[in-house]
Each structure stands twice: as structure tokens, then as C-alpha cells.
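The values are calculated or read from the model by the stated rules, or taken from the named source; none is laboratory data. Everything numeric here is computed off the predicted structure, so don't read it as measured data. For neighbour counting, all protein chains shown are included, and Cβ atoms are generated from backbone atoms with ideal geometry for every residue, glycine included. Surface accessibility is based on the protein's heavy atoms, side chains included, excluding ligands, DNA and RNA. Shrake-Rupley method; radii C 1.70, N 1.55, O 1.52, S 1.80 Å.
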Amino acid sequence: MKHFLLATNKDKDIDLVLTKKIQNYLEERGATLYVVPDIYQTGIAQSQIPQNIEAAITLGGDGTILQVSRSLRGTDIPVIGVNLGNLGFMAEIDATEIEHMLECLLHDEYRIEKRMMLEGQVIHNGEIVGDEFALNDIVIGRSGFSRIISFHVYVNGQLLDNYHADGVIIATPTGSTGYNLSAGGPIINPVTEMIVITPICAHAMQSQSIILAKDDKISVQIQRVRKTQLEEAFATFDGQKGIRLSSDDAVNIEMAPQFTKFIKLTNHSFYDILKKKM
């Protein structure tokens with residue numbers, strides 16, 4: 001590889017010290033870079049990305065990777081992340097490994113992993129009012145200080161269960177080590193293709209996570225608990241895009257047609273990372 005996009009979380013790379021280090025290192029070796037020094041402030045417009053970009057390097061944490069993956073969806077540009085945060089499963093490269101990472105990229109010593117994504121459509125009064133994608137998860141949760149929400153979950157048109165809870169997480173295997181794990185859900189190898197449903201603080205003893213096939217289609221339908229109360233909730237996509245929901249709204253979720261490609265160095269495996277992080 002010789003042509004890179006470099007996206008930085010400026011709050012974690014103070015004074016862009018590592019950004020400049022990577023830029024100088026690669027340019028001294030004949031590579032070209034398209035630098036986004038403050039990804040959360042400016043974002044990435046696909047129309048501005050040079051056509052020759054072969055890979056995206058992120059500096060920050062898992063949130064930075066999620067931001068970049070959403071921006072690059074459909075471009076086929078693979079991503080590798082340097083972890084400058086706390087607990088990162090996607091951004092697996094530490095700051096001490098940057099030069100090793102760059103040498104591997106320059107000499108094509110890596111492999112590519114494909115990660116499934118989710119697509120969620122928000123339905124209000126029978127019309128689609130939102131169509132968003134997620135690499136990690138789609139979360140339907142209560143709004144602010146509202147009471148617990150009531151919702152039905154359907155799988156392939158059949159009722160799975162009725163829930164009274166703080167919400168529900170619909171996660172990919174990549175997202176299984178995120179909010180899903182905190183809510184008691186299972187850890188899933190991120191290269192597999194399946195969907196996990198995990199209720200959040202459900203008011204029922206039997207409410208456990210359920211793993212579905214990748215082709216299953218899910219519908220979460222918001223119900224009204226009290227006649228005098230308008231149930232309000234939010235659907236959030238990778239924790240970055242939020243859409244307000246009210247009674248009788250639905251979020252229809254299925255495996256997205258697009259994948260996110262991750263660059264993996266040959267000496268890193270999911271189980272190595274899991275052991276290190278946990």
C-alpha cells in the first residue's frame with residue numbers, strides 16, 4: 001500500500017503529535033496521505049476522498065472507527081485503528097506498535113476481515129422516516145428520564161416476545177463486545193455472521209440474549225403502557241445517530257448488504273485481543 005486516509009480524534013491525539021508522526025513516517029517512504037485531523041468536527045465526505053486511497057488509518061478508539069466506517073460505507077476501503085482510548089476491541093493497535101503497523105501496511109503484510117453490518121429502517125405512520133446503518137449495534141432505549149418502555153419484538157413476522165425494559169440491543173458480532181457485553185450479552189467472534197438480541201434491564205426473569213441467523217429480519221414495535229402516557233424512545237445507530245420514536249413506531253432491522261473491511265496484522269487474533277482486554 002502507498003495511499004492512505006488518516007482520520008484522527010483530536011481530543012485523544014493532543015496537538016496531533018501521533019498524526020504528524022505517522023504523516024512524516026509515511027511521506028518519507030514515498031506514500032501519500034489524505035489527512036482528516038478532526039474527524040468528529042469535519043467528518044468525511046466521500047466526494048472529497050482521493051480515488052487512489054487504499055486504506056484508512058484511525059487514531060482514537062472504537063468510536064473513531066465507527067465514525068469512519070459509517071463515512072466510508074460502500075467505498076470498499078479497509079480500516080485499521082490505533083487505540084488511544086481505554087478498552088478498545090476494534091482499534092487493536094497500541095501507540096507503541098505504530099511503526100510496526102506502518103511497515104506491515106507498506107509491505108502488504110496483512111490480511112482482510114469482513115465484518116457484517118446492520119440496516120435499520122424507522123417506520124412512523126406506515127412511512128420510512130429513517131434508514132441508517134450500524135457496524136456495532138442498533139439500540140432502542142427509553143428517552144431521557146421516562147419510565148421503562150414496552151415493545152414487541154418480531155422475527156420474520158412471528159412474535160418473539162413482549163418486553164417491559166429500559167430497551168433492547170440488536171448487535172452484530174463486532175458489536176458483541178460493546179454495549180451488548182455490558183448488558184450481559186454473549187461475546188461472539190466478530191468474523192461470524194449472526195445477530196444477537198439483548199434486552200436492557202428487562203422486567204422478566206426469563207429475558208436473556210437470543211442469537212439469530214444472519215438472514216433473520218427483526219421488527220421492534222413500540223407499545224403504549226398507559227393511556228395517558230405517550231411512550232417515547234430513541235433508536236440509536238452505533239451510538240452516533242439518534243432518531244426519536246413514539247408509540248406504534250417500529251424499527252425494522254436486518255443484515256446490511258454492505259460490509260466493513262478490517263485490516264488485520266498477521267500476529268493479532270481476536271482471541272489474543274480478548275485475553276488482553278478482559
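Structure above, values below:
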read-out: Output for region 238-278, where each listed residue is aliphatic (A, V, I, L, M) and outside any strand (DSSP E or B); value: L265, I273, L274, M278
read-out: In region 234-278, residue most open to solvent (accessible area, probe 1.4 Å) [restricted to those that are at pLDDT below 90 and aliphatic (A, V, I, L, M)]; value: M278
read-out: Hits in region 64-94 - residues which are open to solvent by less than 20 Å² (accessible area, probe 1.4 Å), modelled with pLDDT of 90 or more and either among the hydrophobic types (A, V, I, L, M, F, W, C) or under 20 Å from S269 (Cα atoms) (or both); value: I65, L66, V68, L72, P78, V79, I80, G81, V82, N83
read-out: Any hit, region 51-63, residues being touching an Asp or Glu at 6+ places or on another chain (Cβ under 6 Å) and crowded, with 22+ Cβ neighbours inside 10 Å; value: yes
read-out: Residue list for region 150-196, filter: open to solvent by 40 Å² or more (accessible area, probe 1.4 Å), within 17 Å of F262 (Cα to Cα) and of a type in the set (A, V, I, L, M, F, W, C); value: V191
read-out: Residue ranges of strands (runs of 3 or more DSSP E) in region 132-229 with at least 2 members closer than 19 Å to I243 by Cβ and modelled with pLDDT under 95; value: 137-142, 149-155, 218-223
read-out: Residue in region 28-49 that is open to solvent by 40 Å² or more (accessible area, probe 1.4 Å), in contact with a Ser or Thr (Cβ under 8 Å, 6 or more places away or on another chain), under 22 Å from P257 (Cα atoms) and part of a helix (DSSP H, G or I) present; value: yes
read-out: Unmet requirement for N24, which otherwise passes all of (1) free of Cβ contacts under 8 Å to residues at least 24 places away in the same chain; (2) touching a Lys or Arg at 6+ places or on another chain (Cβ under 7 Å); (3) of a type outside the set (A, V, I, L, M, F, W, C); value: (2)
read-out: Counted residues, region 107-126 - those being surrounded by fewer than 19 Cβ atoms within 10 Å (Cβ to Cβ), closer than 15 Å to F259 by Cβ and not basic (K, R); value: 3
read-out: Any pair with Cβ under 9 angstrom, 6 or more apart, that starts in region 68-94 at a residue that is on the phi > 0 side of the Ramachandran plot and in a loop (DSSP other than H, G, I, E, B) and ends at one that is at pLDDT below 90 and open to solvent by 20 Å² or more (accessible area, probe 1.4 Å); value: G74/Q46
